[in-house]
1. Along the charge dipole of the chain, which of MET174, LEU38, LEU58 sits closest to the positive end, that is, farthest toward it, with unit charges on the beta carbon of Lys, Arg, Asp and Glu (+1, +1, -1, -1)?
2. Suppose every Lys and Arg Cβ carries +1 and every Asp and Glu Cβ carries -1, with no other charges. What dipole size does segment 8-91 come out with about its Cα centre, to the nearest 20 debye?
3. In bins 5 Å wide, starting from 0, what share of all Cα pairs of the chain does each bin hold, as a percent?
4. Given contacts defined as C-alpha pairs under 8 Å and at least six residues apart, what's the relative contact order of the chain, whole-number percent?
5. To two decimal places, what compactness ratio does segment 95-180 give when its Cα radius of gyration is scaled by 2.2 N^0.38 Å?
6. Ranked highest first by average number of other Cβ atoms within 10 Å, how do 107-116, 170-179, 75-84 line up?
7. Projecting each Cα onto the charge dipole of segment 79-137 (Lys/Arg +1, Asp/Glu -1 at the beta carbon, about the Cα centre), which of PRO105, ALA118, THR82 comes out farthest on the positive side?
8. Regarding segment 8-91, what whole-number volume in Å³ per residue does the convex hull of its Cα atoms give?
Amino acid sequence: MGRQYVDKLVKVWLADGREQWILVHVEVQGSREGKFPLRMHVYNHRIFDRYGREVVSLAILTDDDPGWKPSRYESSRWGFRTLTEFPIVKLLEYAGEYQRLQSDPNPFAVVVLAQLKAMETRRDPERRQAWKVQLVKGLYDRGMGREEVRELFRFIDWVLELPEGLEDRFLVEMEAYQQEKKMPT
């Protein structure tokens, strides 16, 4: 299959503070792909092979197809069977929860909202620009630290890309907002 890279691999600790190696493999998939379940299976086993530790694979589906929800890979022949099941989060399922996402203090709520608005405004740059302003202003209103705001802004800026003229308008509006609120740029 060639050289491949997982989206994110993290080491976690148990709630009681004991260290235990559980590698969490998070795969973000933005489009329908027939071989995605096979890739999840292969990545899980390659990670296990590399580290010899328990691996939990999770999928975040950011595509716009409500019916596509792959959650398992299965293969069998001549009495041999292999099965890999993995939990999924389908961001599209949060589409009706804009108000809850906007008020949720969890930074991941902003990430989900930005992705949903990117899908929704794909062909409407004016609405996209308005949402980008609203989401970035919302970062300041959440009481987040400077670095956290900066990192989330980078994500929003990447996901809600604007044409040049609207990007300029966005920047002017954000500069005015920062001056009004007496915030550092």
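Each value in this text was obtained by applying a stated rule to the coordinates, not by laboratory testing. Computed from a predicted model, the values in this text were never measured in an experiment. Virtual Cβ from ideal backbone geometry, glycine too; neighbours counted across all protein chains shown.
1. Toward the positive end, the furthest listed residue is LEU38.
2. Rounded to the nearest 20 debye, it is 260 debye.
3. Taking every Cα pair in the chain, the percentages come to 1, 7, 13, 15, 15, 14, 12, 9, 7, 4, 2, 1, 0, 0, 0.
4. 13
5. Normalised Rg, Cα atoms only: 1.02.
6. 107-116, 170-179, 75-84
7. The listed residue farthest towards the positive side: ALA118.
8. 116
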